[in-house]
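Below is one structure, written out as structure tokens, with a few remarks after it.
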Amino acid sequence: MTAPADILDRLTALRAQDAPTHGGRLLSYVYDSGRADLDELAASAVRAMQPVNGLDPTTFRSVAVIERELVDFAREVFHAGEDVTGTATSGGTESCLLAVKTAREAWRARTGWTPGDPQPRLVAPTTVHAAFRKAAALFDVELDLVPVDPSTGRPAASDLVARLGSDVALVVVSAPSYPFAALDPVPEVAAAALAAGVDLHVDACIGGFALAFWPEDAAGAPAHEWDFAVPGVTSLSADLHKYGYAPKGVSVLLQRGRDRQRHQWFATSAWPGYPVVNPTLLGSKSAAPLAAAWAITQALGVDGFRELTASLARSTAAIVAGVAAIEGLRVVGTPTGPMVAVAEDADAPAERRVDPHLWADAMGGFGFAVQLQPASVQPDGTRLPSTAHLTVTPVTERVLDELLTASGRAADAVRGMPHLDGGAIAAQLLGGLGVPPEALAGGAVPLDSDTAFAILQAAGLVGAPTDAAAGLGPLAPVLALVEALPAPLVERLLIELLAAGLER
Ligand SMILES: *Cc1c(COP(=O)(O)O)cnc(C)c1O
């Protein structure tokens with residue numbers, strides 16, 4: 001037996017090794033409102049709901065009431081009419097999975113699909129969130145990815161529209177996309193989807209609760225309508241654990257058409273236990289994040305959200321202007337909402353360019369954690385650039401001057417240094433280990449756990465004595481490897497990296 005005080009001391013010590021969740025130095029994953037009162041309110045709501053099972057809102061009536069009120073808040077914010085109904089889910093991924101599952105069931109019902117018939121397509125820009133790749137893999141839907149303009153990160157409406165057809169179960173557009181903060185052309189695509197009788201999902205997981213309150217005249221304001229005000233939008237996801245400032249574990253999925261939404265549900269009364277009737281993927285589930293999100297939306301109201309969002313708009317505009325003024329860097333496209341993607345300025349002479357991954361690592365030296373995003377090749381062969389990603393939150397404003405100063409100094413520190421050669425790093429790494437070259441050619445050779453672990457060890461990514469403060473160390477070499485190696489091999493190595501963190 002361990003005394004509660006000792007257990008909690010240990011937890012405090014473990015938490016001290018984490019990246020800082022508050023204060024604006026971690027520019028991804030966390031959404032610090034900067035309002036301690038909201039964190040306290042959320043904690044109290046979590047505590048009140050801790051023993052409840054969200055599985056059964058007929059037994060726990062509180063769940064039905066707070067879920068309905070939370071969904072109604074979202075319906076109001078996203079201009080949903082009486083024909084729109086919704087559900088709280090455990091997060092953006094679950095909302096996206098359910099949007100695909102619903103559309104697939106609706107498509108199957110509509111087309112009279114039977115097992116053995118070809119699977120439907122899901123049409124989306126290459127920038128669509130990875131959750132839709134997961135959905136396609138889980139729900140037997142064929143992903144049909146449409147290239148975006150590499151300089152803006154935006155797909156052309158006509159390219160998406162050209163892919164519509166009777167075998168399309170769902171088109172997905174983002175408001176905005178995670179990688180480049182691009183607002184996809186929602187009205188044009190929705191109009192065509194409506195005419196073609198194809199469902200359209202707006203993934204507003206990250207941007208929804210910020211864009212809805214964005215000051216109309218500020219930079220980063222949406223250039224057009226993107227929610228249920230647009231005819232043809234059949235579903236929309238928005239995460240409360242992002243710009244709803246709730247603890248992790250809550251998102252909403254809204255669906256147009258009550259009968260259509262019923263395809264989201266799963267019910268069975270055919271097993272010997274209690275009848276199972278679920279609108280979401282989980283069975284027993286916590287209602288705590290739901291209650292926290294509900295409490296925060298009640299406390300903030302529309303005016304409170306507007307106030308926090310005004311800060312997002314000011315900080316984002318300052319970062320966009322600040323980065324644009326740094327020689328050798330550029331902002332990708334026109335960020336819509338509170339995110340910025342930073343790329344190398346290819347118009348600058350090579351010796352004046354700033355590599356975004358080296359810059360991101362240098363930012364770490366100034367106490368700011370910026371996310372590295374790999375370059376990628378689209379289906380048409382065009383290349384999307386390596387970028388660094390910043391998610392802006394209300395507290396960003398408190399460290400804004402420091403962030404801008406660090407951005408300039410980090411650029412000065414790495415200007416003219418070339419992007420790391422991932423191919424050379426890979427050749428050195430795999431050659432030394434005797435890994436078969438086939439592993440490089442598409443991952444045809446299945447790597448076992450020990451070989452994968454040995455590769456990670458040779459790369460210095462696991463097995464070294466851990467220095468919590470230093471974290472993983474520079475990430476630019478890791479991203480260079482991710483860019484150079486075939487995706488199946490990278491994916492296998494990343495699985496081993498995360499699994500090793502849990503097991504070894
Ligand atoms: C975060 C995000 C998701 C997935 O959400 P999780 O809450 O991380 O599961 C989906 N789409 C977009 C655009 C996102 O940014």
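Since every read-out is calculated from the coordinates, none of them should be taken as a lab result. Bear in mind the structure is a predicted one, so any value in this text is a computation, not a measurement. Positions of Cβ are backbone-derived with ideal geometry, glycine not excepted, and every protein chain shown enters the neighbour counts.
Worth pointing out:
- Taking other C-beta atoms within 10 Å as the exposure proxy, T405, T393 rank T405, T393 from fewest upward.
- For the range 1-50, the extents of the C-alpha atoms along the principal axes are 39, 28, 15 Å, listed from largest to smallest.
- Here the ratio of the Cα radius of gyration of the range 277-414 to 2.2 N^0.38 Å is 1.32.
- DSSP assigns beta bridges within the chain; of those with both partners inside it, close to 60 percent run antiparallel.
- Net charge contributed by nearby residues that have their C-beta within less than 12 Å of A136 (K/R +1, D/E -1): +2
- For the chain, the pair-distance distribution built from all alpha carbon pairs, in bins 20 Å wide starting at 0, is 21, 55, 24, 0 percent.
- Translational D in µm²/s for the range 13-129 (Stokes-Einstein at 37 °C, 0.692 mPa s, Kirkwood Rh from C-alpha pairs): 176
- Calculated SAXS-style log₁₀ I(q)/I(0) at q = 0.17 Å⁻¹ - the range 328-384, Debye, Cα scatterers: -0.67
- Across the range 415-423, rounded Karplus estimates of 3J(HN,Hα) from the backbone phi angles (6.51 cos²θ - 1.76 cosθ + 1.60, θ = phi - 60°) give 4, x, 7, x, 4, 4, 8, x, x Hz, Gly and Pro being marked x.
- Projecting the Cα atoms of V377, L433, H22 onto the charge dipole of the chain (Cβ charges, centred on the Cα centre) puts H22 farthest toward the positive pole.
- Counting neighbouring Cβ atoms within 10 Å and putting the fewest first, the residues K242, K101 line up as K101, K242.
- Surrounding net charge for V370, when Lys and Arg each add one and Asp and Glu each subtract one, Cβ distance under 11 Å: 0
- Summing +1 for each Lys or Arg and -1 for each Asp or Glu among the other residues whose beta-carbon sits under 13 angstrom from that of M49 gives +2.
- Global form of the range 166-219, assessed from the alpha-carbon gyration tensor, a/c cut-off 1.5: prolate
- For the chain, a simple Cβ point-charge model (Lys and Arg +1, Asp and Glu -1, everything else neutral) yields a dipole of about 760 debye relative to the Cα centre.
- ³J(HN,Hα) computed for each position of the range 364-373 - Karplus, 6.51 cos²θ - 1.76 cosθ + 1.60, integer Hz, glycine/proline x: x, x, 9, x, 10, 9, 10, 7, 9, 10
- Amide proton proximity set for T89, modelled H, under 5 Å, gap of 5+: S251, V252, L253
- Distance from the range 140-210 to the range 314-358 (C-alpha centre basis), Å: 25
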